[in-house]
Amino acid sequence: EVTLQDALQSGPPLDDTIQSDPGLWKAIREGYNDDPLYQKVIANPPAYPNFQIRDGILYVRTRLGFECVCIPRSQYKGKRRLTEIVLDTGHRVLGHLGPRKTNEYLRRWVWW
């Protein structure tokens, strides 16, 4: 069975990879306005203590204690869903190591 530790050893921080594309990072920031869950968090941050906003990016502290980038359910340049792009990026970072390892890797860095 793939463990979180296995997945973490398999690739660099995914948020660094995402940040390397300024257009994608901007789309994440702007996408919070279109996502019903994140709209609520941004409108009243004190009501959601597991969330934090830094430089317009929303982060959540998971039950494992990791801080993950919140990915809104919106599109990038009106073409592809942000979640789809993040999945593809995670897959590219890890290579073809299987869906379970990719899932564990993504769960460490992003949340939706």
Revision key, fill the gap. When every protein chain stays in place and a 1.4 Å probe is rolled, 101, 79, 40 sorted by accessible area with the largest first are 79, 40, 101
Check your understanding: When all protein chains stay in place, what accessible area (Å², nearest 10, 1.4 Å probe) is found for residue 30?
Key -> 100 Å²
Practice item. Heavy atoms only, probe 1.4 Å: what % of the accessible area of the range 12-108 goes to carbon and sulfur, would you let me know? Key: 50 percent
Exercise for review: Compute the accessible area per residue over the range 12-108, keeping the other protein chains in place, probe 1.4 Å, unit Å².
Suggested key: 59 Å²
Exercise for review: Heavy atoms only, probe 1.4 angstrom, no DNA, RNA or ligands counted: give me 89, 62 ranked by accessible area, highest first.
Suggested key: 62, 89
Exercise for review: Give me the net charge of residue 27's neighbourhood, meaning all other residues with Cβ under 13 Å from the Cβ of residue 27; Lys, Arg count +1, Asp, Glu -1.
Suggested key: +2
Revision key, fill the gap. Residues whose built amide H sits under 5 Å from the amide H of residue 75, excluding neighbours closer than 5 in sequence, are 82
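The values are calculated or read from the model by the stated rules, or taken from the named source; none is laboratory data. Keep in mind that this is a model prediction, so the values were computed, not measured. Ideal geometry is used to build each Cβ from the backbone, glycine not excepted, and the neighbour counts take in all protein chains shown. What goes into the accessible areas is simple: the full protein's heavy atoms, side chains included, and nothing from ligands, DNA or RNA. Shrake-Rupley method; radii C 1.70, N 1.55, O 1.52, S 1.80 Å.
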